[in-house]
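To keep things clear, I will list the structure first and then write my remarks on it.
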Amino acid sequence: MARRSPRSRRNDTAKTRLPGKRRPQSTPRSGRVKPSARRALKPAGARHAPQGARPRAARPAGPGAAPAAARVRRPRAVRYRRSDSERVAAVLDQLDRLYPHAQTALTFQSPLQLLIATILSAQCTDARVNQVTPGLFARYPDARTLAVAKREDLEEMIRSTGFFRNKAKSIQTCCRDLVERHGGEVPRTMEELTALPGVGRKTANVVLGNAFGIPGLVVDTHVGRVSKRLSLTDQDDPVKVEHALMAIVPRERWTVFSHWLILHGRRVCVARKPRCSICPLAPHCPRVGVTSAA
Ligand code: SF4
């Protein structure tokens, strides 16, 4: 009988392995261990220490042992710098000089017209809204006529502003509420305005600030972006941005401050490549989040 090598004898053993029975693990050659196996070898809860970390002191254990020292928080690499009042004042003065006649670009004759125009301005330019509203208000001069207007006719009149079905629905439900709860008049408080269907804080602040002369700080995409780059806030949520700005901008300037930032965001501090090289606010601006500028 021919002599068999140890390897061929091992192969015979593998063939006769019973189904469902685990194959024995071979020892990895050249001392290499798979990462998964390395993890399995670690005791539960063990972690790599961060690079450069100091070794931990051994903790006393058992009853009566002194409590462990409080964990020291490592400082964040980039900390949010709070706006100082002098810098904010300089920014406000500069904006005032830049845009002395800032006001809303929407044309209106009454609070209701401004409310409807603001609803129409969502995802649409003010210029386009101004083309539509004269004909709209000539045909439907008040909340009652708008509330009972034939939906298809209303949609046709506002079609060019985009999202015309949703906007027509919002205008009609809002006007019905105005008729039923406010006698067809636009209320003058944030609470009452935001209780109207389709009216959020932004629209309410536009109406309060521009139709009633009650200070209102409007936070749209431009105001949010520019105030963050200027480090006037580190918030993203529009309501939080509004409250952060209200805390540092004098109340009597809330309305005009929104107009300033909207104009600056459209003309200079544009979304993709802000024109920092020609920006008069540059000496006061830390340019938070700006990665490429013109
Ligand atoms: S300096 Fe640049 S980032 Fe700052 S406000 Fe002006 S354009 Fe915007």
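Below, the figures for the structure above:
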item: Elements of type helices (runs of 4 or more DSSP H) in the range 86-166, at least 1 residues being over 25 Å from the mean Cα position of the chain (by Cα) and free of Cβ contacts under 8 Å to residues at least 12 places away in the same chain; result: 126-139, 143-147, 151-158
item: Every residue from the range 125-156 that is touching a Ser or Thr at 6+ places or on another chain (Cβ under 8 Å) and crowded, with 17+ Cβ neighbours inside 10 Å; result: Val129, Val132, Thr133
item: Qualifying position, being buried (at least 22 other Cβ atoms within 10 Å of the Cβ) and under 28 Å from the mean Cα position of the chain (by Cα), among Val226, Val186; result: Val226
item: Residues being among the acidic types (Asp, Glu) and surrounded by 18 or more Cβ atoms within 10 Å (Cβ to Cβ) - total across the range 229-275; result: 1
item: Flag if Pro280 is within 12 Å of the ligand (Cβ to nearest atom), over 19 Å from Gln103 (Cβ atoms), assigned by TED's automatic domain parsing to the domain that holds Leu98 and not hydrophobic (A, V, I, L, M, F, W, C); result: yes
item: Tally of residues being small (Gly, Ala, Ser), out of contact with any Gly (no Cβ under 8 Å at 6 or more places or on another chain) and more than 10 Å from the ligand (Cβ to nearest atom) across the range 240-270; result: 2
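The values are calculated or read from the model by the stated rules, or taken from the named source; none is laboratory data. Since the model is a prediction, treat every value here as computed from it, not as a measurement. Don't worry about glycine lacking a Cβ; one is built from the backbone with ideal geometry, like all the others, and counts go over all protein chains shown.
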